[in-house]
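Here's the structure, in structure tokens; my notes come after.
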Amino acid sequence: MAAGSWQFVASARRNLINGTFDIDSDTWFMSLLASTGVMAASTNDPFTGVSAQEVATASTGYASAAVNLLMTGTNPVTVDISTDPVWTATTNGFTARYAVIHESGGNILCYAPLESNSTDVIITTGNTLTVAAASSGVFSLS
């Protein structure tokens, strides 16, 4: 589920062009922001600037997931997630609003609302949430 399209944050384009991001060798994570989470294309903060909005981890079954980003093609070059992360809600379940892909160093690449109208997704105990890129990948550059 990534009901909305993946969107770059303001600093991502610069980080792609200046080599800060190395798509196929950096360590990447996908994190979920809670219902209080606010993401916007104008965000310049590293993940530490929004991590206080991350879904609580105690007794929920949630923790940031390591993801591998893969590049394919030459024109366009498409970036996709090799395996979509899946979270299973435990004792208390969890509520999330956005998925965020970021480096282990903290720079945010992109984010997507989990519902097209940026409302909350509630995962109750025993249920799962899978966050997937679109069939065309996370993004393409041509």
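Miscellaneous remarks
- The range 16-48, subset surrounded by 19 or more Cβ atoms within 10 Å (Cβ to Cβ) and polar (S, T, N, Q), residue modelled with the lowest pLDDT: Thr43
- Taken as a whole, the condition of being without any contact (Cβ under 8 Å) to a residue 12 or more places away in the chain, in a loop (DSSP other than H, G, I, E, B) and more than 22 Å from Ile122 (Cα to Cα) applies to Ser25.
- Restricting the range 76-94 to residues that are at pLDDT 90 or above and among the polar types (S, T, N, Q), the residue that is nearest to Gly126 (Cα to Cα): Thr88
- First in the range 113-139 and more than 29 Å from Met71 (Cβ to Cβ), second anywhere and surrounded by 12 or more Cβ atoms within 10 Å (Cβ to Cβ) and modelled with pLDDT under 85, Cβ under 7 Å, 6 or more apart: Asp120/Ser35
- Within this structure, Ser51 passes the test of being at pLDDT below 90, closer than 30 Å to Gly19 by Cβ and polar (S, T, N, Q).
- Just one of the listed residues (Leu109, Leu69) is in contact (Cβ under 8 Å) with a residue 60 or more places away in the chain, in contact with a strand residue (DSSP E or B) (Cβ under 6 Å, 6 or more places away or on another chain) and farther than 15 Å from Met39 by Cβ, and it is Leu69.
- Screening Val38, Val55, Val50, Val67 for residues that are out of contact with any Cys (no Cβ under 7 Å at 6 or more places or on another chain), of a type in the set (A, V, I, L, M) and within 18 Å of Ser135 (Cβ to Cβ) leaves exactly one candidate, Val67.
- Contacts under 9 angstrom Cβ, first residue in the range 74-101 being among the basic types (Lys, Arg), partner in a strand (DSSP E or B), 6 or more apart: Arg97/Leu32; Arg97/Leu33; Arg97/Pro113; Arg97/Val121
- Residue that is surrounded by the most Cβ atoms within 10 Å (Cβ to Cβ), among those in the range 84-142 that are among the small types (Gly, Ala, Ser) and farther than 17 Å from Ser31 by Cα: Gly137
- Residues within the range 54-100 that are within 20 Å of Thr119 (Cβ to Cβ), more than 12 Å from the chain's Cα centre (by Cα) and part of a strand (DSSP E or B), tallied: 3
The values are calculated or read from the model by the stated rules, or taken from the named source; none is laboratory data. This one's a predicted model, so the numbers in the text were calculated from it and none came from an experiment. Neighbour counts run over all protein chains shown; Cβ positions are idealised from the backbone, glycine included.
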